[in-house]
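Just below is one structure, and these are the notes that go with it.
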C-alpha cells in the first residue's frame, strides 16, 4: 500500500488534499524536490508518483518557464508572492503541452517559515487552440469582424505580424479599429503575457509626454517628488502602442528614434541609462509621408516605424460590411439590453446603407446603439435613426452634394487617388474636364468609371485597363452604380 | 557484446557521443539546449577530454544539424519532442532520452552500456537547485 504524506502530521494526508485539485499539482519541499503529486500530474507528465518523489521538481516537469537553476522557485520562496507563467512542458510521450504554471509558497503557522512550494500546472492546450481559431480562424475575434476582401487581407496578415518582433505602423481613419488591431497583434505575440501599454501622443503637451513615456527621477522638475517609471519601462518585455504618432512633437521623435535603435533611454533628469525590451506599434490617422514632406515628421523615424504596415480601410470601402456590421451590432445591443432582436425597416436600412460613415465602425456602432435604445418596436424605422443623419443629408443636398460627408483625411485620400489616376492616365480626367472634388468615394468612383468609359469610347476592356481593374470588377461596379 | 560493437565497421572503432547539458546536468529539454558536450569514444574508452560547444541560441534544428555534421552516433538528452526524436532515429542515430542526472555520470554509464531511456542517476550533488 502506498505510504501517505501528511500535510499536517497525522491530520491531513497531502495526497488526499492534492487529489481535490482540478489541475496537475505537485508539492515541493524546501530544496524544491517533489514531496507529493496528484493523479493529474502523473497523467500530464507521464511519470508515476513513486518515480518522482524526492526528485528536483523542474527535472520532472521539463518546463520552459525560465526556471533555470530554480530561479523562479527561489524567487517565490524569498518573496512569498505567487507567480503565474504561461509556457509548455515536454512529457514522457515526447509531446509538448502548453501549460500555465502557478507556483506559490507553503509555510507553517509558526513564524510563517517557508516549508515548500505548491506547483499547479494547468493544461491550456484547448484554450490556445480555441483562441487561435476565434482570432485568426473562421470566426475572427469577436470585436474585429468583416467579410470584405480588404478586411480579409488584413486578417490574413495579422498572424504574420504577431510572429515577428518588428515595429508596426497602423494607418487608417478614425474609428477603423487601429487600437483593436494593435491589441490583437500583441495578445497573439510571444509578448502577449506581458503588458500592452497604450499612450496617445497627441493628448499631452511635450514636457508631460516625455515624462509619461520615459519617466523621470525625483527632483527633475517642480513637482517631481519621487522617481516615476515611464510607459516604456512599464511595457518592458511587452508592447507599447503609440497612437496618434503623427502628432508627436519633433523633439520627442528624436528620443523615440534613439530608443528604437539602442533599446535604452535616459529618464527625464536621470543620469542612468534604462534598458528596455519593448516592441513598438504606432498608429496614426494622418498620412505620415505627407508629414515627412512638410517637415513635421522625421523621415528616419518614419522608416524605422514603417517596417511593417497595415492600412485599415474606411468603412465606405468595405463592400458588404456595413450591412453585416449593422446586423451584428443590433443583435449585440439587443442582447445586452435584454430586448428581443430587432430589425431595420427597408427605409431606415436604405438610409443607413447610403450613409458614408465618416466616423467609420465607431460611428456605425453608436448609431445602432442609439436605435436599439430609442426604438421600442420590433422594426426600427427612419424616425428611430439619429436626427443628425438627416441634417447632414439635407445640408449636402442644399450644397448640391448627393453623397455623404467625408472627413478631411478621407477627402485628401480620395483626391490623392484621383490624382494617381490622373498621373497614370491624364486623358481620363482631361477628357471630360470634370473632377470629383472631395465628396464621397462612391461618387468619385462613379465619376472615374464614367471618365474611363468616355476615354475608352465605351469599350469596357479599355476602360478596365485604364482603371487597373479586371473586366468583371468593372462590370460589377457599373451595375452597382446603376450605369447600365 | 556492448552496443557500440554492434555498429557498422567505421563507427565501431571511433564513435562520438553528444550530451545536451545545462551546467553539470543533462539538460532538461533538447529544444532549449544551447550547450552540448561531445565525447569521442574508442572501444569503450573516452579519447581525450570531452569538448564543450556553446551554441549562439537554443535551436533544436541547429542542434540536429550539428549532430549530423559531427557524425554523432549516440545522443543523450532530457525531454525531446517526438519529431526531433523521429528525425534522429531515422538518421540512424541512437537517442537515449529523459535522462536525469549529471552529464559525467551519464557519459560513464553510456560507455559502460548501462544507460537506459528515462534513467534517473544518483545525484552527486546534494543541492540540485543551486
Give region B:34-81 a look and list any residue that's part of a helix (DSSP H, G or I) and within 14 Å of another protein chain (Cβ to nearest Cβ), or say none.
B:60
Of the conditions (1) within 14 Å of chain A (Cβ to nearest Cβ); (2) modelled with pLDDT of 95 or more; (3) farther than 20 Å from residue A:89 by Cβ, residue B:19 satisfies every one except a single condition; which number is it?
(1)
Filter region A:333-356 down to the residues that are part of a strand (DSSP E or B) and more than 14 Å from residue A:386 (Cα to Cα) and list them by number.
A:343
Residues (within 14 Å of another protein chain (Cβ to nearest Cβ), under 18 Å from residue A:105 (Cα atoms) and not in a loop (DSSP other than H, G, I, E, B)) located in region A:31-49:
A:33, A:34
Exactly one of these conditions fails for residue A:122: (1) within 16 Å of residue A:26 (Cα to Cα); (2) within 14 Å of chain B (Cβ to nearest Cβ). Give me its number.
(2)
Please enumerate the residues belonging to region A:50-69 that are at pLDDT 85 or above, buried (at least 23 other Cβ atoms within 10 Å of the Cβ) and part of a loop (DSSP other than H, G, I, E, B).
A:62
Tell me whether region A:99-112 contains one or more residues that are closer than 19 Å to residue B:78 by Cα, within 14 Å of chain B (Cβ to nearest Cβ), touching a strand residue (DSSP E or B) at 6+ places or on another chain (Cβ under 8 Å) and modelled with pLDDT of 85 or more.
yes
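Any chance you could count how many residues in region A:350-379 are over 30 Å from the mean Cα position of the chain (by Cα) and surrounded by 15 or more Cβ atoms within 10 Å (Cβ to Cβ)?
Looking only at that region, the number is 2.
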Out of (1) in contact with a helix residue (DSSP H, G or I) (Cβ under 6 Å, 6 or more places away or on another chain); (2) touching a residue at least 60 places away in the same chain (Cβ under 8 Å); (3) within 12 Å of chain A (Cβ to nearest Cβ), what's the single condition that is false for residue B:24?
(1)
Taking residue A:175, is it over 27 Å from residue A:292 (Cα atoms), in a loop (DSSP other than H, G, I, E, B) and either in contact with a helix residue (DSSP H, G or I) (Cβ under 9 Å, 6 or more places away or on another chain) or in contact (Cβ under 8 Å) with a residue 40 or more places away in the chain (or both)?
no
For region B:82-98, which positions are within 8 Å of chain A (Cβ to nearest Cβ) and farther than 14 Å from residue B:20 by Cα?
B:82
For the condition in a loop (DSSP other than H, G, I, E, B), in the same structural domain as residue A:168 (by TED's automatic domain parsing) and surrounded by 14 or more Cβ atoms within 10 Å (Cβ to Cβ), what is the one hit in A:302, A:297, A:241?
A:297
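Residue-wise test of (1) modelled with pLDDT of 85 or more; (2) buried (at least 17 other Cβ atoms within 10 Å of the Cβ).
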residue	(1), (2)
A:19	no, no
A:41	yes, yes
A:48	yes, no
A:72	yes, yes
A:87	yes, yes
A:93	yes, no
Return the residue satisfying two criteria in turn: it lies in region A:70-97 and is at the interface with chain B (Cβ under 8 Å from one of its Cβ atoms) and in a loop (DSSP other than H, G, I, E, B), and of such residues it is farthest from residue B:100 (Cα to Cα).
A:95
If you go through region B:99-130 one residue at a time, how many are buried (at least 18 other Cβ atoms within 10 Å of the Cβ), at pLDDT 90 or above, in a loop (DSSP other than H, G, I, E, B) and within 13 Å of chain A (Cβ to nearest Cβ)?
3
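The values are calculated or read from the model by the stated rules, or taken from the named source; none is laboratory data. Being a predicted model, the structure only gives us computed values, none of them experimental. Please note: Cβ atoms are built from the backbone with ideal geometry, for glycine as well, and neighbour counts cover all protein chains shown.
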